[in-house]
Each structure stands twice: as structure tokens, then as C-alpha cells.
């Protein structure tokens, strides 16, 4: 078992996977409020690393440098309801979604040694219970999650969403190609697949809540 799995899970975990622009953050934030669980956006953790690498002049191919930066980042949960991710004691800011970070985040996060450090941090953050979303949460970080979701949507739909949210929609296809080399864009065993292009936000949320309530009510 990998290093992340060595940390025992004690609380309820709802894990959400899916490609860029599929609606993971929207759904995860809503479920965190609904079930009163901490919300962990793991993409922000990799974005924090990308931003730090830009600030320190460490290239996305410098594995040793990125490992050092990963080990120096401090992640924790805040005191809010729901609790959210803090990076070095601060809530994430708009710098993490800047075009400069967007351009290199997939390249920075593709290295196995970097991902191992991040996955262990993610497992530690969520072991007491959380809603966690990202790219390999249901397969590697929390394969023992109580509820697993995989969100999907055609690239064109995801690109439009990303463009409306913060620009950079044209980069979705490139992100998919880079991410696919790191982790397959496929549902984990037992994951509930939601095609977000066929559902409104409210419909997606209601369907996910119904699935989660049924699963948690059955004690899984």
C-alpha cells in the first residue's frame, strides 16, 4: 500500500474525481455544507506548489527542487463551517488560478515523487472526515472512501465552463493530455458516474446528495 494508505481513515469521506472543468469544486463545496464535512480541494495544493516554483525559479522538470518545495508547504484545515484548506496558514487567493500557474500546474504535478508527498498530506487532511476532490482521490488517496463520485463531461463543455469561470478554456484539452499521462481519466471501481453535461448544477447536487445519503445510511 502507498504512503497515503498507511494513514488510517476514521471519519466519513466523500471522494470526487474527474477531469478539469467537470464541476468537481462546485459539487464538493455543496456536499461539504450539506453533510457538515471539511472541504479539501486538492487541486489548490498542486497550484500552491506551482506558484511556489515560479516564485523560487524552480522549473517544472526539476524533480528534486519540486520535492523540496512540496515538503516545505504546510497544509491544514481552517476553523470554519465547513472547514476549508489553508496553505501556510492562509486561505488560497487568486494567484493560484492565474494564467502563469494554469500553464504549468499539470507539468509540476505529474512527477510520482511529488504526488506521493501530496497524497500523504491529502490523506492526513481528510482521514477524520471530509469531502475531497481532485484527480486521483477515489483511486489512490481514498480508495476506501464511503462514497465515490466520478464527474464527466465532453471537452467542449468543460472548456466553456473553465473559460467562463476564470479564462483559459482553450487549455483544457492540453490539461487532459498531460493529466492522462499521470492518472487515467476513468472512474474507480464502485464510483458513481455523473455526466455533468446532461445535468444542471441543482440536478447534479440533488442526485449526488441522494446517492450519498443512501450510501451513508447503509453504513458503507
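The values are calculated or read from the model by the stated rules, or taken from the named source; none is laboratory data. Nothing here was measured: the structure is a model prediction, and the numbers come from that model. Every residue, glycine as well, gets a Cβ built from its backbone with ideal geometry; the counts of neighbours run over all protein chains shown.
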Quiz item: If you take the residues of the range 92-126 that are more than 15 Å from the chain's Cα centre (by Cα) and in a loop (DSSP other than H, G, I, E, B), which of them is surrounded by the most Cβ atoms within 10 Å (Cβ to Cβ)?
Solution: 111
Quiz prompt | Qualifying positions in the range 193-220 - buried (at least 17 other Cβ atoms within 10 Å of the Cβ), at pLDDT 90 or above and touching a strand residue (DSSP E or B) at 6+ places or on another chain (Cβ under 7 Å) | solution = 194, 204, 208, 212, 215
Exercise. Determine, yes or no, whether residue 172 is part of a helix (DSSP H, G or I), modelled with pLDDT under 95 and touching a helix residue (DSSP H, G or I) at 6+ places or on another chain (Cβ under 7 Å).
Key: yes
Practice problem: Look at residue 129 and say whether it is surrounded by fewer than 22 Cβ atoms within 10 Å (Cβ to Cβ) and at pLDDT 70 or above. | Solution: yes
Quiz prompt | Yes/no for residue 28 being within 23 Å of residue 215 (Cβ to Cβ), crowded, with 23+ Cβ neighbours inside 10 Å and in contact (Cβ under 8 Å) with a residue 24 or more places away in the chain | solution = yes
Quiz item: So which residues in the range 36-68 are more than 18 Å from the chain's Cα centre (by Cα) and either in a helix (DSSP H, G or I) or surrounded by 22 or more Cβ atoms within 10 Å (Cβ to Cβ) (or both), if there are any at all?
Solution: 52, 53, 54, 55, 56, 63, 64, 65, 66, 67, 68
Self-check item: Of residues in the range 75-91 being touching a helix residue (DSSP H, G or I) at 6+ places or on another chain (Cβ under 9 Å) and surrounded by fewer than 18 Cβ atoms within 10 Å (Cβ to Cβ), the one modelled with the lowest pLDDT
Solution: 81
